[in-house]
1. Only one of (1) closer than 22 Å to residue 410 by Cβ; (2) surrounded by 14 or more Cβ atoms within 10 Å (Cβ to Cβ) fails for residue 326. Which number is that?
2. Of all residues being exposed (fewer than 14 other Cβ atoms within 10 Å of the Cβ) and at pLDDT below 90 in the range 454-469, which is farthest from residue 506 (Cα to Cα)? Just the residue, please.
3. Given the criteria at pLDDT 90 or above and crowded, with 18+ Cβ neighbours inside 10 Å, does residue 299 qualify?
4. What are the residue pairs meeting all of these: first residue in the range 68-85, first residue closer than 16 Å to residue 49 by Cβ, second residue part of a helix (DSSP H, G or I), Cβ atoms under 9 Å, and 6 or more apart or on different chains?
5. Specify which of the listed residues (347, 337) is farther than 28 Å from residue 415 by Cα, surrounded by 15 or more Cβ atoms within 10 Å (Cβ to Cβ) and touching a strand residue (DSSP E or B) at 6+ places or on another chain (Cβ under 7 Å).
6. Determine, yes or no, whether residue 542 is in contact with a strand residue (DSSP E or B) (Cβ under 7 Å, 6 or more places away or on another chain), modelled with pLDDT of 95 or more and surrounded by 11 or more Cβ atoms within 10 Å (Cβ to Cβ).
7. Tell me which residues, restricted to the range 108-123, are in contact (Cβ under 8 Å) with a residue 12 or more places away in the chain and either in a strand (DSSP E or B) or surrounded by 20 or more Cβ atoms within 10 Å (Cβ to Cβ) (or both).
8. Across the range 505-560, what is the number of residues that are within 22 Å of residue 413 (Cβ to Cβ), under 27 Å from the mean Cα position of the chain (by Cα), free of Cβ contacts under 8 Å to residues at least 60 places away in the same chain and in a loop (DSSP other than H, G, I, E, B)?
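The values are calculated or read from the model by the stated rules, or taken from the named source; none is laboratory data. The shown structure was predicted, so the numbers you read here are calculated from the model rather than taken from an experiment. Every residue, glycine among them, receives a Cβ derived from its backbone with ideal geometry; neighbour counts consider all protein chains shown.
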């Protein structure tokens with residue numbers, strides 16, 4: 001799933017066709033390492049997303065927009081100053097490097113035509129967006145890299161721009177077919193590794209694919225290849241080179257167990273067509289594949305503080321619960337002490353002064369029992385001592401029974417909040433979770449006493465799906481939404497679903513008084529499995545019942561319910577075929 005040079009070649013081809021000659025209408029920087037260029041012209045209006053995120057560098061065209069900060073960052077302001085209404089002259093890629101170079105023309109303050117370059121480097125943690133003049137001097141970049149950080153190249157205003165050559169790799173597009181074998185045989189390693197280590201821009205995924213096309217074992221050492229095998233792999237590499245030169249790209253994603261496993265700009269013939277989804281454009285593929293991944297990555301970064309609060313409280317309560325259970329187990333001796341006391345009151349006359357034990361018949365089970373005695377005390381005094389121990393352990397048992405139930409409820413509540421954080425996809429979702437933590441006493445509202453009235457505006461809404469048979473299905477993102485769905489949106493004959501015995505979302509199917517098809521129950525069950533702690537598992541047990549059977553105990557935590565009449569099903573958590581609505 002590497003964003004490799006072949007994929008970038010496909011993107012560059014699309015950009016050449018769609019945005020060359022058009023003008024930049026708007027520049028936004030919604031994230032510290034991300035730009036969105038709105039481009040208008042013969043292509044109509046398109047948006048070009050450029051991301052230099054260390055974990056997820058991307059470039060693709062999209063119709064979607066993102067909310068920008070009220071005050072634009074300095075780099076964004078600089079680009080607006082120079083490139084507002086600039087014309088895109090060309091989009092190029094040096095070889096199969098993970099670099100895109102956009103040449104732009106604009107008028108300066110004197111009305112003279114000037115050239116500038118926007119260079120997007122998509123190299124993992126070294127990713128960057130660099131703005132250069134026509135003499136290849138860096139004007140600014142979205143990330144500043146000093147000599148203290150990199151000994152290879154500084155990326156700072158006033159420095160000359162160049163692509164660092166840190167790896168000795170051949171350019172596939174410039175290598176003749178007869179020379180390909182020489183590049184491979186120079187590597188003492190497995191064939192697939194020699195392919196992506198020998199040539200620029202090839203990922204391990206594409207290397208395995210080329211070995212499959214050549215009919216050669218990808219793990220076979222290069223030195224063990226026959227002349228025929230070398231010829232076959234050389235042909236596969238040459239054919240890929242020709243595909244790229246002739247702009248013959250086949251964007252596709254392959255799935256495994258309902259989850260995307262790999263993607264590429266060239267067809268992955270090593271996988272079954274039944275598990276492959278094809279796309280018209282690479283931009284469409286990348287937007288589809290990375291949309292959820294990018295959102296999850298960023299929302300996880302923004303929820304770090306909330307996760308830490310929840311995890312700390314959860315660990316503290318789990319330790320407390322384990323201690324309480326141990327103390328509760330110790331109180332099991334109380335009934336033994338009570339029986340000792342009663343038997344001593346009954347048979348104590350048989351004990352002689354100085355005895356350390358007494359053999360007596362336990363009339364509760366008709367078995368003989370040995371009662372330990374304090375030889376310094378009389379039988380009556382020993383009985384009194386045992387009754388005192390019994391009463392103490394009885395009080396402890398009653399108190400701990402209540403405390404363990406409260407602690408277990410707290411653990412379940414915190415676990416459900418942790419699951420809600422995993423489900424959250426937007427900033428608005430975190431706001432509602434934060435509100436729950438404040439009201440539960442785990443966080444303080446900013447602003448002290450006066451701030452108690454200042455709640456953040458809640459805009460998060462439950463997930464909304466449409467079943468294959470047209471029924472509306474709603475999924476709560478957190479405990480407050482779960483409660484609202486179950487007790488406000490749902491009516492008596494609507495169906496309610498939840499993963500059995502684990503934290504998860506409430507799922508409500510609006511039945512409209514109909515008898516639902518089996519397929520609706522299956523799809524709602526998948527949603528309940530997916531939005532639970534068991535997400536990703538092949539078999540998840542789901543409880544479902546009509547809403548009228550679901551009750552909320554008095555004083556219980558948000559989202560906590562009980563039900564005594566229900567059905568069950570076991571299903572996987574794959575929801576890829578269920579249509580989600582854009583509410």
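1. In the conditions (1) closer than 22 Å to residue 410 by Cβ; (2) surrounded by 14 or more Cβ atoms within 10 Å (Cβ to Cβ), residue 326 misses (2) alone.
2. Of everything passing the filter in the range 454-469, 454 is farthest from residue 506 (Cα to Cα).
3. Here the answer is no, as residue 299 does not meet what is asked.
4. Once the first residue is closer than 16 Å to residue 49 by Cβ and sits in the range 68-85, its partners that are part of a helix (DSSP H, G or I) give 68/76.
5. Details: 337 fails: touching a strand residue (DSSP E or B) at 6+ places or on another chain (Cβ under 7 Å).
Checking each option against the conditions leaves just 347.
6. Considered against the rule, which asks whether it is in contact with a strand residue (DSSP E or B) (Cβ under 7 Å, 6 or more places away or on another chain), modelled with pLDDT of 95 or more and surrounded by 11 or more Cβ atoms within 10 Å (Cβ to Cβ), residue 542 comes out as yes.
7. 114, 115, 116, 117, 118, 119, 120, 121, 122 - these are the residues of the range 108-123 that are in contact (Cβ under 8 Å) with a residue 12 or more places away in the chain and either in a strand (DSSP E or B) or surrounded by 20 or more Cβ atoms within 10 Å (Cβ to Cβ) (or both).
8. Residues meeting the conditions: 2.
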